[in-house]
Amino acid sequence: MPSLNDGAERITLRIGGVSHEDWLDFEVDSDLQTPADGWSFTVGNVSDTLPEEVQAGARAELRTGKDVIMTGQVDEIEDDIGRGQHTLALYGRDASAVLVDCSAPIFTARDMSLQEVIAQIVKPLGVTAIRIQAEKPLPSKKASIDPGDTAWDALTKAAEASGLWPWVTADGTLVIGGPDYSTPAVDTLVLRKDGQGNNLLRLSVTHNVSARYSEVTVLAQGHGTANADGKHDRRCTVRDTSVPFYRPRIEVVADTDSDEEVQFRARKIMADARLEGLLITAVVKGLRTASGQLWAPGQRVQVKSEKHGIDDIYFVMHRRFSGGRGQQLLTTLTLREDGIWLPDAFPKSKRKRKGKGTGKKGQKGLWNDWEQINNG
């Protein structure tokens, strides 16, 4: 499909059978840690009446060629008419928007699988495509939804009890799980001093110690039931020996079902802290990898930068497509340390991480730096 600007492809927004692809400017975000990924499109010099199908709340699909980028809804339409100018702006989010906006159905249940708990939360809101992406998610001994909880709050609570996280794929499928770090890197991004083979327009590397902890302790209890006494001394401590100074954190959890849940919570807090310690932002041309695959969060990518002193594989946490009339079509990637986010989804894959260190610090991965102490 021909492009407006640099010989690349176009992004098409389809609403109620009506498609448009001639954008003044656009942005399409997708982030594994942010619920309800968003998009925005602006049309300049609008001459026609807005089609009846294009209205707030309508289902929307973003595509490029034959590939679906995102499925969701139109949240807001801004129709701006001024002297000699008519601009139309559309804003929307992916298929998880209804889960973020609306309250969860109130229920209490016991001895359900994770899939059953998730289905009971999201199906009343119209989300029916669900996939568990994890090796061995814990069954839910007790699921309780409090009045006022959003569906997304209830969903994340159920997922985090097994060390997992929810997100929505391009086609609108709700996934509960984590990444498989044994999958190969989708591309190699290069920034050499002599410019030979460079495919990066910009690369920013930030190291941050403010969110790191040398030690995380989770203290928890479990309420008693008709068949078992309560437990008040659940405890798990995780230490990160790569932090060279004492930075402790203690988290108190009011109600847990098992010792395993406490361990998941402690490891997740430590993993999230480690994740914040390194941020890499990469900007590349176009929407696709060298092999023709659309850039997407959840991918792994090799980064080689002589000036930054890095040559390793990193994890794509966030991706933004941007461009418009007269603008270059760009992809901005937010990269994090590989093998860190949601480490318990596929425990075996964490040991298959390959690379040559993470630059100046030469870190080999979270797994060689962790010490876990269980009490309770």
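Bear in mind that the values in this text are calculations on the coordinates, not laboratory data. Since the structure is predicted, the reported quantities are computational estimates derived from the model, not experimental observations. Positions of Cβ are generated from backbone atoms using ideal geometry, with glycine treated the same way; all protein chains shown enter the neighbour counts.
In the stretch 114-153, Rg over Rh equals 0.96, where Rg is the alpha-carbon radius of gyration and Rh the Kirkwood radius from pairwise Cα distances.
Size of the stretch 99-177: Rg and Dmax of its alpha carbons, in Å, are 11.4, 32.
Charging the Cβ of each Asp and Glu at -1 and of each Lys and Arg at +1, and nothing else, the dipole of the chain about its Cα centre rounds to 1840 debye. Peptides 80-87, 207-214 ordered by packing proxy, namely the average of other Cβ atoms within 10 Å per residue, highest first: 207-214, 80-87. With K and R counted +1 and D and E -1, the other residues having a Cβ less than 13 Å from that of residue 106 yield a net charge of -3. Spin-label model, residue 109 to residue 198: label points 7 Å out along the Cα-to-beta-carbon direction sit 5.6 nm apart.
Under 15 Å of direct C-alpha separation, and excluding same-chain neighbours fewer than eight residues apart, residue 307 reaches these aspartates and glutamates: 194. Each Cα pair under 8 Å and six or more residues apart adds its separation to the average, and for the chain the resulting relative contact order is 18 percent. Angle of helix 151-160 to the longest C-alpha principal axis of the chain, folded into 0 to 90 degrees and rounded to 10: 50°. Taking a 21 Å limit on the Cα-Cα distance, which of the listed pairs 193/304; 123/268; 193/285; 136/268 fall beyond it? The answer is 123/268.
In the chain the Cα-Cα distances spread across 10 Å bins starting at 0 as 5, 21, 28, 25, 15, 6, 1, 0 percent of all pairs.
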